[in-house]
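What follows is one structure encoded as structure tokens, with my remarks underneath.
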Amino acid sequence: MADRMEPILPGSYLGILGGGQLGRMFTQAAQAMGYKVCVLDPSTDSPAGSIAEKCIQADYTDSVALKEMASLCASVSTEFENVPAQALDELESLGVFVAPRSSCVSLAQNRIAEKNFLATWKSETNIGPAPHFVIEHQADIVHTPAELFPGILKTARMGYDGKGQITVHAAADLPAAWAELGQVPCVLEKRMELDFEVSALVVRGYDDAVVAYPVSQNIHRDGILHTSTVPAPSLKPAQEKKIIEAAKALIRKIDYVGVLCVEFFVLKNGDIVANEIAPRPHNSGHYTMDACVSSQFEQQVRAMARLPLGDTRQLAPVSMLNLLGDLWFEGSEDQAKEPAWNKVLAHPDAKLHLYGKSAPRIGRKMGHINCLGEALNEARQNCAAVATELGIEP
Ligand code: ADP
Ligand code: MG
């Protein structure tokens, strides 16, 4: 199918499954390059749906909706990690170029498959997952290796932002923890002594070209990403090289087209552990929007349009600050306030991104700010100052 290799040029429609903030920023990047965007999302007023040229409001598995999308879009990607693989397969069978393909998305949707895959890959990259054990049936519990405690029990599916996870201190606590998670298939992971966390962002084009962004160092609060700083202040050059090589090897191994994020733990003893993969642009890659030649969203557009990839070069040190719905409230959700944007924007190196979500809620991702600096320290100080303006604890 020679025509499958032709680029999809500006003026055409690109499709995105999911209308959240990732879909919105993808839409903005696509529109900036002259594309039109069709969003498929079950909700009526999604952040991406409200700015896209076309919004189909339907379930991801709605065949009529998928056909409509396929008739409009030569290429479709997903911003929603848990989009049913069936939807991607259906689009592909309708002749759409689906990037990344459903097998790649499925791998990231199931921690059991993901951990197994990361373990297999270890022999080639020298970076494997944390020691773990799969618990699918009651009978598995007694076979759990004792050295995994204290551990973290994670549901195989649908976990995000630290949800679907319970710390299990000892073997005796495991049955109750598994019951609390509804006795669904889980992975028990040894709790590692983290020094810090980083993520690698790599992109692969349809032609097997692979590029990598500088690795970001991530701080989470209550399981949700709080800041990403690049260059990663604590990462040694040799570690960064190893991480990027590992992520590049992975993206090729699964024949993935598009932007892929791989999260890693750097342990107190200096060892590196692969945590999980996200089959899409990632929150920890939002820094690329203001600090790099090409943003992660522009790369997603290029990859799915079968165009050459853009430069990943970083132009300035940066610290990204996530903005959660908490900022719209004075303590509890019944006392609303408006964040002090005027004070934030008095910092000329602070680049504000808001996602246009109608209702803020505690813990909901509402936007982010990329704080730039001429030197890394300046970017970090800038970020701390902006956080203070917003009343975010340093
Ligand atoms: P999610 O899908 O919610 O992002 P993760 O597996 O990335 O789930 O876990 C969320 C956070 O919990 C991680 O970023 C890390 O801070 C912590 N965490 C997860 N697994 C471990 C582990 N095995 N040891 C220590 N900390 C962990
Ligand atoms: Mg994670």
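Throughout, read-outs are computed from the coordinates displayed, never taken from laboratory work. All values reported here derive from a predicted model rather than from experimental measurement. Cβ: placed from backbone, ideal geometry, glycine included. Neighbour counts: every protein chain shown.
List the relative contact order of segment 2-98 as a percent without decimals, with contacts defined as Cα pairs under 8 Å and 6+ residues apart. Present the calculation step by step, with values, prior to reporting the outcome.
On the way: 181 pairs, mean separation 28.8, N = 97.
Relative contact order comes out at 30 percent.
Can you sort 284, 63, 102, 46 by how many other beta carbons sit within 10 Å, fewest first? Walk me through the numbers on the way to the answer.
Working: 284 28, 63 13, 102 21, 46 25.
If I rank by nearby Cβ atoms, fewest first, I get 63, 102, 46, 284.
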- Message: Using 27 Å as the Cα-Cα cut-off, could you pick out the over-long pairs in 115/268; 343/365; 36/351; 54/115?
- Response: 54/115
- Message: Given the C-alpha atoms of segment 2-98, compute the convex hull and give its volume per residue in Å³.
- Response: 83
- Of 70, 108, 209, which has the largest mean-square fluctuation in a 10 Å C-alpha GNM of the chain? 209
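Using just the helices of the chain, give the 222 nm mean residue ellipticity in deg cm²/dmol: DSSP H runs with n ≥ 4 each add -39,500 (n - 2.57), and the total is spread over all residues, rounded to 500.
Working: 11 runs with 109 residues, N = 394.
When only DSSP H runs of four or more count, the value is -8000 deg cm²/dmol.
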- Task: Select from 52, 346, 384 the residue whose mean-square fluctuation is largest in a Gaussian network model of the chain (Cα-Cα springs shorter than 10 Å).
- Result: 346
- With the chain treated as a Gaussian network of Cα nodes joined by springs under 10 Å, which of 29, 278, 249 yields the largest mean-square fluctuation? 249
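Under 1.5 on a/c is rounded, so check that first for segment 325-380, then, if it is not, pick prolate when a/b is larger than b/c and oblate when it is not; a ≥ b ≥ c are the square roots of the alpha carbon gyration tensor eigenvalues. Intermediate results must be reported in sequence, preceding the final value.
Values: a/c = 2.45, a/b = 2.22, b/c = 1.11.
Verdict is prolate for segment 325-380.
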- Would you work out which of 167, 281, 310 lies farthest towards the positive end of the dipole of the chain? Charges go on Cβ: Lys and Arg +1, Asp and Glu -1. 310
- Contact order relative to length of the chain, as percent, for alpha carbon pairs under 8 angstrom and 6 or more apart: 13
- Query: If contacts are Cα pairs under 8 angstrom and at least 6 residues apart, what is the relative contact order of segment 143-219 in percent?
  - Reply: 28
- Message: Strictly under 4.7 angstrom between C-beta atoms: which cysteines of the chain have no such partner?
- Response: 38, 55, 73, 104, 186, 261, 292
- Message: Once each part is reduced to its C-alpha centroid, what is the distance from segment 88-158 to segment 225-251 in angstrom?
- Response: 21
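Can you give the alpha-carbon Rg of the chain over 2.2 N^0.38 Å, where N counts its residues?
Working: Rg = 20.9 Å, N = 394, 2.2 N^0.38 = 21.3 Å.
Compared with the compact-globule rule of thumb, the chain sits at 0.98.
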- Query: Distance from the Cα centre of segment 268-295 to that of segment 23-81, in angstrom?
  - Reply: 24
- Cα convex hull volume per residue for segment 194-389, in Å³, equals 123
- Count neighbours as other Cβ atoms within 10 Å of each site's Cβ, and list the trypsin sites (Lys or Arg not before Pro) in segment 241-323 that are DSSP loop with at most 16 such neighbours. 268, 313
